[in-house]
1. What is the diffusion coefficient of the chain in µm²/s, taking the Kirkwood radius over Cα pairs and the Stokes-Einstein relation at 4 °C with a viscosity of 1.567 mPa s?
2. Based on alpha-carbon centroids, what's the gap between the range 224-273 and the range 76-99 in Å, whole number please?
3. Just to verify a number: FRET efficiency for ALA101 and PHE302, C-beta to C-beta distance, R0 = 45 Å, to 0.05?
4. Counting other Cβ atoms within 10 Å, which trypsin sites (Lys or Arg not before Pro) in the range 142-247 have at most 16 and lie in a DSSP loop?
5. If the rule is a partner Cβ under 4.7 Å, which cysteines in the chain fail it?
6. Choose one answer from LEU216, LEU202, LEU281: the residue with the largest mean-square fluctuation in a GNM of the chain with alpha-carbon springs under 10 Å.
7. How far is the Cα center of the range 14-75 from the Cα center of the range 114-185, in Å?
8. When we measure straight from the Cα of LYS274, which lysines land under 20 angstrom away, once same-chain ones fewer than 8 places off are left out?
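Read the figures in this text as sums done on the coordinates, not as results from a lab. Quick caveat: nothing in here was measured; it's all calculated off a predicted structure. Here the Cβ positions follow ideal geometry from the backbone for every residue, glycine too, while neighbour counts run over all protein chains shown.
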Amino acid sequence: MPVRHSLHREAGTVTIDHSTCTHCGECARICPTEVLCLEDGRVQVHAESMFGCIACGHCMMVCPTESVRVIGRGISPADLVPLAPPEERADRKALASLMQARRSVRRFTEEEPAPELLERIVAMAASGPMGIPPWDVGCVVIRGRDRVQTLAGDIVTGYTGFLKLFQPWLLALMRPFMKRPTYDQMSGFIVPLAKAYVEGRLQGKDLLFYDAPAVLLFHHSPYVDAAEAMIACTYAMLAAESLGLGTTMIGAAAPIIMRKRELCQRLGIPDGSKPAIALILGYPAVHFRRGVIRRFASVSNFG
């Protein structure tokens, strides 16, 4: 029973070149669905395993003799690339420094990121693991302030309609049927934020995308959770930081976009897919000189 996907219904196909295979068993040890097994000192393919080959490609990546071949579900041996040696990868200190330095940026210079730079960020984000492959996440690249502002105007128009619906009297009427945190969020954050967007737009201010020169909008198919798009956006955020760009995640764009079918079509979002999160990007106009320690709300140690 292959794992269903918006584009793929069939399982991947695994073949072993036994003329070069040394039967070391590395592919069988790494296979998450036990399609590959080491039996009597020989690697065997069991395509009838529970989910079949999910085309993660791990077996091809670990094989020392390139004897494993996986095709289907959007993958082939042509997709393999060499890995940088350990000494050229980000170590703990470099990664910690990158994450510590990254802050939300809402003030940008006039310079716009080159298209090639945005393409590189998207490629870097796509290379990281999200969920069960192939990743059912997409990205819309909105490049140039004019296009970004057109999108911002469409979203703020949506919030104008939202405010007409969620009048104070309606929130008061709904209060007994809402959990306290939900009511607090609606009355103390979401509605005031919508008002700020609308009023700011009337005053010529962009309080949604902060006049950013580029936006990456991540969406996901109905076959996966929104968390996968959030993970992809996080990768893009760190990739942009490593390339000298400032970013901020904007959660308020997606709820309006997903309710505008024509807007989704204009943005090239596939039917059925849902926008999840937007990332504004640009060269920061202000640079931070110090970091700050952040902590989780709670950390529990079990065992």
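1. Diffusion coefficient, whole number: 58 µm²/s.
2. Going from one Cα centre to the other spans 24 Å.
3. FRET efficiency, ALA101 to PHE302: 0.90.
4. Taking the range 142-247 and a limit of 16 other Cβ atoms within 10 Å, the loop trypsin sites (Lys or Arg not before Pro) found are LYS179, LYS205.
5. Cys with no partner Cβ under 4.7 Å: CYS21, CYS24, CYS31, CYS37, CYS53, CYS56, CYS63, CYS139, CYS233, CYS264.
6. Judging by the Gaussian network model, the answer is LEU202.
7. Measuring centre to centre over Cα atoms gives 40 Å.
8. LYS260
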